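What follows is one structure encoded as structure tokens, with my remarks underneath.
The values are calculated or read from the model by the stated rules, or taken from the named source; none is laboratory data. Just so it is clear, the structure is predicted and the values come from calculations on it, not from any experiment. Reconstructed Cβ throughout: ideal geometry from the backbone, glycine too, with neighbour counts over all protein chains shown. We work out accessible area using only protein heavy atoms, side chains counted, and drop any ligands, DNA or RNA first. Shrake-Rupley method; radii C 1.70, N 1.55, O 1.52, S 1.80 Å.
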Amino acid sequence: MENRNLISGEWRGALDGSTFGVCDAATGREIARVPHCHEMEALEAVEGAANALGAWRSRSLEERAQFLRAIAAALRSHEDQFAHVITAENGKPLSEGRGEVAYSADYFSSAADEALQLHAINIRSRSELRVLRAHPEPIGVVAAITPWNFPLAMMARKTAPALAAGCTQVIKPAELTPLTALLFARVLADLGLPPGVVNVVTGDPAAIGQAWLDDGRVRKLSFTGSTRVGRLLMRGAAEQVVRLSLELGGHAPFIVLRDANVAAAVDAAVAGKFRAAGQTCVCPNRFLIADEIHDEFVERFVTAARLLPVGRGLDLATRVGPLISDEAVARMRRHIDDALAKGATLRTGGSTIAVEGCVDRFFAPTVVTEASSRMVCFQEETFGPLAPIARFHDESHAIQIANETPFGLAAYVFSEDSTRLAAVSEAVNCGIVGANTGIISDAYAPFGGRGWSGFGREGGRWGIEEYLSWKYVCTGVHG
Ligand code: ADP
């Protein structure tokens with residue numbers, strides 16, 4: 001497996017030769033060591049990206065689109081290899097790893113389509129003495145810092161639009177999941193992407209991130225991760241006025257109205273909540289269920305949650321893999337204990353499950369009822385397989401609870417009445433709504449949040465806009 005960094009087209013280690021270990025998420029055993037880089041290597045990567053920028057931005061739209069299509073095809077043809085690496089270092093079930101590869105490839109297909117639309121546009125001026133023309137120029141060298149929960153997709157979301165726009169890129173993947181990023185770099189290099197167009201550096205996050213923000217040549221940073229680090233990066237970006245896209249935490253409400261199809265809502269709840277063991281920023285965190293159907297929903301949901309096989313991602317029967325760290329397990333416990341102490345009822349789960357030869361991080365899908373806004377699980381993102389359920393009597397109260405958070409990424413609404421479905425979808429304060437569905441991601445749509453969930457959009461033409469700096473030329477017309 002590739003475990004060196006790609007900087008300026010060269011496969012490299014850290015300057016001082018230091019490395020850090022990457023572990024199998026299920027067994028905890030070290031499976032590779034990767035370079036532990038700092039500021040110097042980060043700046044060499046910027047140098048590589050800056051040197052490659054002129055030639056890459058000068059490529060025709062068709063040439064850039066061809067590369068993007070080739071990357072999409074390569075991801076699809078390497079699906080098995082990527083899925084195994086993702087499952088090894090992240091722990092998610094292999095089927096989800098495969099899904100992530102397909103989803104990532106879609107970002108490149110989408111960006112290839114969009115790249116062909118990046119023409120200069122003539123603008124009609126109200127004055128006859130001038131002709132206006134707007135040019136979509138690449139913003140320049142861009143940086144990406146990505147999380148461990150979707151090691152490939154969160155990179156694809158950033159690399160595809162950057163390359164489409166004509167930018168060159170430096171990437172720092174998460175310490176827990178760098179191997180997917182290094183395999184991605186290998187695939188790009190094998191496709192003949194010119195040296196320096198994409199560079200991948202692993203190592204000290206604060207040193208690398210700050211080096212990029214301070215450098216001056218990096219004109220944009222796209223970050224997916226915690227709100228805490230998002231705030232740090234925002235502060236750090238101020239000096240060089242670096243443009244940002246931040247996709248931060250979420251705290252999605254899951255609202256089921258009394259006229260919903262309960263069986264369909266339960267299927268969606270299971271799919272949305274327990275995917276990646278609840279470790280996604282869009283996963284439902286606060287279940288708000290109408291009084292009339294509450295008991296039926298709970299009964300069906302608890303039954304379904306109990307049936308989910310928990311185990312190693314490599315085991316084909318597995319639907320829920322391990323949590324990423326001991327801290328994640330501790331947070332689950334803290335949220336459950338707090339909820340129970342404040343009056344919630346445990347319906348299923350509540351503890352870890354032993355899996356032979358593995359770490360003690362396999363948490364049983366957990367459902368608690370009688371949840372309320374006083375509980376930590378209704379105030380903070382759990383990022384684990386905990387589904388706290390509250391009942392509501394009237395719709396406006398459900399909307400009020402849904403919106404009483406500074407986060408605003410995703411929300412879910414279920415109703416068989418299209419007018420009410422539309423009304424509640426409009427009333428929730430967030431960037432993405434799942435209306436009668438629990439799976440909302442689509443590479444062609446503008447993914448992103450509001451408030452503490454960040455800003456900027458990823459996907460489709462909106463994703464590419466983030467990497468453009470429009471220039472208009474106003475030409476004077478004389479006599
Ligand atoms: P999580 O809590 O889910 O691990 P983080 O926000 O800590 O989320 O991590 C997301 C990404 O941000 C990772 O690639 C991580 O290495 C990086 N990161 C963490 N701290 C910093 C920092 N101070 N500066 C830049 N990047 C950071």
Looking at (1) within 16 Å of the ligand (Cβ to nearest atom); (2) in contact (Cβ under 8 Å) with a residue 60 or more places away in the chain; (3) crowded, with 22+ Cβ neighbours inside 10 Å, which is the one condition that is false for residue 363? (1)
In region 372-392, residue nearest to residue 307 (Cα to Cα) [restricted to those that are open to solvent by less than 10 Å² (accessible area, probe 1.4 Å) and part of a loop (DSSP other than H, G, I, E, B)]: 385
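Among the listed residues 236, 203, 225, 230, identify the single one that is within 11 Å of the ligand (Cβ to nearest atom), modelled with pLDDT of 95 or more and closer than 23 Å to residue 9 by Cβ.
Working: 236 fails: closer than 23 Å to residue 9 by Cβ; 225 fails: closer than 23 Å to residue 9 by Cβ; 230 fails: closer than 23 Å to residue 9 by Cβ.
Just one listed residue meets the conditions, 203.
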Tell me the strands (runs of 3 or more DSSP E) entirely within region 396-479 that contain at least 2 residues that are at negative phi and surrounded by fewer than 23 Cβ atoms within 10 Å (Cβ to Cβ). 432-435, 468-476
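Could we say that residue 386 is within 16 Å of the ligand (Cβ to nearest atom), under 27 Å from the mean Cα position of the chain (by Cα) and among the hydrophobic types (A, V, I, L, M, F, W, C) here?
Details: within 16 Å of the ligand (Cβ to nearest atom): no; under 27 Å from the mean Cα position of the chain (by Cα): yes; among the hydrophobic types (A, V, I, L, M, F, W, C): yes.
In short, no.
Answer yes or no: is there a residue in region 121-142 that is more than 30 Å from residue 229 (Cα to Cα), in contact with a helix residue (DSSP H, G or I) (Cβ under 6 Å, 6 or more places away or on another chain), open to solvent by less than 40 Å² (accessible area, probe 1.4 Å) and not polar (S, T, N, Q). It would help to see each step written out before you state the result.
First, pick out the residues of region 121-142 that are more than 30 Å from residue 229 (Cα to Cα): 121-136.
Remaining after also requiring in contact with a helix residue (DSSP H, G or I) (Cβ under 6 Å, 6 or more places away or on another chain): none.
There is no residue in region 121-142 that is more than 30 Å from residue 229 (Cα to Cα), in contact with a helix residue (DSSP H, G or I) (Cβ under 6 Å, 6 or more places away or on another chain), open to solvent by less than 40 Å² (accessible area, probe 1.4 Å) and not polar (S, T, N, Q).
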Would it be correct to say that residue 209 is within 16 Å of the ligand (Cβ to nearest atom), outside any strand (DSSP E or B), out of contact with any helix residue (DSSP H, G or I) (no Cβ under 6 Å at 6 or more places or on another chain) and outside the structural domain of residue 391 (by TED's automatic domain parsing)? yes
For region 1-22, what are the residues that are hydrophobic (A, V, I, L, M, F, W, C) and assigned to a loop (DSSP other than H, G, I, E, B)? 1, 14, 15
Can you tell me which of (1) within 29 Å of residue 384 (Cβ to Cβ); (2) among the hydroxyl-bearing types (Ser, Thr, Tyr); (3) open to solvent by 60 Å² or more (accessible area, probe 1.4 Å) is the one residue 103 doesn't meet? (3)
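Being free of Cβ contacts under 8 Å to residues at least 12 places away in the same chain, of a type outside the set (Asp, Glu) and over 26 Å from residue 226 (Cβ atoms): is that true of residue 307 here?
Details: free of Cβ contacts under 8 Å to residues at least 12 places away in the same chain: yes; of a type outside the set (Asp, Glu): yes; over 26 Å from residue 226 (Cβ atoms): yes.
Spelling it out, residue 307 is indeed free of Cβ contacts under 8 Å to residues at least 12 places away in the same chain, of a type outside the set (Asp, Glu) and over 26 Å from residue 226 (Cβ atoms).
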Scanning for something touching a strand residue (DSSP E or B) at 6+ places or on another chain (Cβ under 6 Å) and either within 16 Å of the ligand (Cβ to nearest atom) or part of a strand (DSSP E or B) (or both), does region 190-199 turn up at least one residue? yes
For region 71-97, the count of residues that are of a type outside the set (A, V, I, L, M, F, W, C) and either within 20 Å of residue 160 (Cβ to Cβ) or in contact with a Leu (Cβ under 6 Å, 6 or more places away or on another chain) (or both) equals 8
